[in-house]
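Novice: First the structure, then my questions, so here it is.
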Amino acid sequence: MSNAVEKRLSWYWPMEAGNAVLLPALAVGGVLSAGGAIDAAFVLSALACAVLLVIGALYWRGVLMRLRNRPAVLEFWLPRLATAEAPSLALSLVAAFAAVLSIAANGWTPQNIASPLLCALALLEYVNYYKIQLQHFDNEADWRRLRSGRGFRPAHMARDIAAWKARRA
């Protein structure tokens, strides 16, 4: 991998980690300023979003360390990230279910607008890390590949987890 990848990852993983705090905090501020309340569905949704962003931050930091000849960092995190797949998906789905129930019971309150948005972000992050690379807008090569018609490819973390599992077997 190139020096450009290392340079991009040196800011990318802290951005993901910062977003794990910033996005839920902004959502709390938005809900409260609009007269809403923080309820269980909102908390679950914000937590699901934050968890998936932390997973991404840990993965990309590990990849950066691998590029800097410290592969043990990623090797430490890969089994933990693999183990986090099912619980992170379950949390996201429970949060989505809670958001739907809250909307059904209370209508479109500020928290019931924020909750499904946070759930959607969590589920998109889940797919982007564990299944298919969805994000293409932050890297010109990825964007060109997508526009060329070659479609989506497996997520980077999914490929690294699969390789780790193959080495273990």
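The values are calculated or read from the model by the stated rules, or taken from the named source; none is laboratory data. Computed from a prediction, not measured in an experiment: that's the story for all the values here. Glycine gets a Cβ as well: all are built from the backbone with ideal geometry, and neighbour counts include every protein chain shown. Accessible surface areas use protein heavy atoms only, side chains included; no ligands, DNA or RNA. Shrake-Rupley method; radii C 1.70, N 1.55, O 1.52, S 1.80 Å.
Novice: In terms of modelled amide H atoms, which long-range or inter-chain residues lie less than 5 Å from the amide H of Ile132?
Specialist: Under 5 Å from the amide H of Ile132 lie the amide H atoms of Ala155, each far enough along the sequence or on another chain.
Novice: In percent, how large is the relative contact order of the chain, given Cα pairs closer than 8 Å and 6 or more residues apart?
Specialist: Details: 195 pairs, mean separation 41.6, N = 169.
It comes to 25 percent, rounded to a whole number.
Novice: Which residue fluctuates most in the GNM of the chain (Cα springs below 10 Å): Ala48, Ala105, Ala17?
Specialist: Ala105
Novice: Let me ask something else. Set the Förster distance to 22 Å, then compute FRET efficiency between Arg8 and Arg168 from the Cβ-Cβ distance, nearest 0.05. List each step's numbers first, then the result.
Specialist: Numbers: r = 29 Å, r/R0 = 1.33.
The pair Arg8/Arg168 has a calculated efficiency of 0.15.
Novice: Could you tell me whether segment 1-99 comes out rounded, prolate or oblate from its Cα gyration tensor? Rule is a ≥ b ≥ c as square roots of the eigenvalues, rounded for a/c under 1.5, then prolate if a/b exceeds b/c, otherwise oblate. Walk me through the numbers before you get to the answer.
Specialist: On the way: a/c = 4.24, a/b = 1.82, b/c = 2.33.
Judged from the Cα gyration tensor, segment 1-99 comes out oblate (a/c at least 1.5, b/c at or above a/b).
Novice: Something else: In degrees from 0 to 90, rounded to the nearest 10, what is the angle of the helix 40-67 Cα long axis to the longest principal axis of the chain?
Specialist: Roughly 10 degrees between the two axes.
Novice: Next question. Which order do you get for Phe42, Phe97 if you rank them by accessible area with a 1.4 Å probe, largest at the top?
Specialist: On the way: Phe42 5, Phe97 130 Å².
Sorted by accessible area, descending: Phe97, Phe42.
Novice: In degrees between 0 and 90, to the nearest 10, how far off the longest principal axis of the chain does helix 110-130 point, with axes built from Cα atoms?
Specialist: The angle comes out at about 20 degrees.
Novice: Using a Gaussian network model on the chain with a 10 Å cutoff between Cα atoms, which of Leu32, Leu74, Leu47 fluctuates the most?
Specialist: So, out of Leu32, Leu74, Leu47, the one fluctuating most is Leu32.
Novice: Express the accessible area of segment 21-90 per residue in Å², computed with a 1.4 Å probe while the remaining protein chains stay in the model. Display every interim value, and only then the final one.
Specialist: Values: 3230 Å² over 70 residues.
In whole numbers, segment 21-90 has 46 Å² accessible per residue.
Novice: Can you pull the percent of the chain's accessible area that's carbon plus sulfur, 1.4 Å probe, other chains left in place? Spell out each step's value before the answer.
Specialist: Working: 6070 of 8930 Å².
Taking all protein chains in place, the chain shows 68 percent carbon and sulfur surface.
Novice: State whether segment 21-64 is rounded, prolate or oblate according to the following rule on the C-alpha gyration tensor (a ≥ b ≥ c being the square roots of its eigenvalues): a/c under 1.5 gives rounded; otherwise a/b larger than b/c gives prolate, and the remaining case gives oblate.
Specialist: Working: a/c = 6.73, a/b = 2.49, b/c = 2.70.
Oblate is the answer for segment 21-64, as a/c is 1.5 or above yet b/c matches or exceeds a/b.
Novice: Give the value in nm², to one decimal: projected area of the alpha carbon convex hull of the chain, averaged over all directions. Display every interim value, and only then the final one.
Specialist: On the way: hull surface 43.8 nm².
With every direction weighted equally, the projected area is 11.0 nm².
Novice: Go ahead and set up a Gaussian network model of the chain, Cα springs under 10 Å, then flag whichever of Gly35, Gly56, Gly18 fluctuates most.
Specialist: Comparing Gly35, Gly56, Gly18 in a Gaussian network model of the chain, the most mobile one is Gly35.
Novice: Rounding to the nearest 20 debye, state how big the charge dipole of the chain is about its Cα centre with +1 on each Lys and Arg Cβ and -1 on each Asp and Glu Cβ.
Specialist: On the way: 17 positive and 10 negative charges, 177 e Å.
That gives the chain a dipole magnitude of about 860 debye.
Novice: Moving to a separate point now. From the helices alone, meaning DSSP H stretches of at least four residues, give me the mean residue ellipticity at 222 nm for the chain, per-run term -39500 (n - 2.57), in deg cm²/dmol to the nearest 500.
Specialist: On the way: 7 runs with 134 residues, N = 169.
Result for the chain: -27000 deg cm²/dmol, rounded to the nearest 500.
Novice: Let me ask something else about it. Taking θ as phi - 60°, what are the ³J(HN,Hα) couplings along segment 22-31 by the Karplus curve (6.51, -1.76, 1.60), each to the nearest whole Hz, with x for Gly and Pro?
Specialist: Ordered by residue, 3J(HN,Hα) equals 5, 4, x, 5, 5, 5, 4, x, x, 5 Hz.
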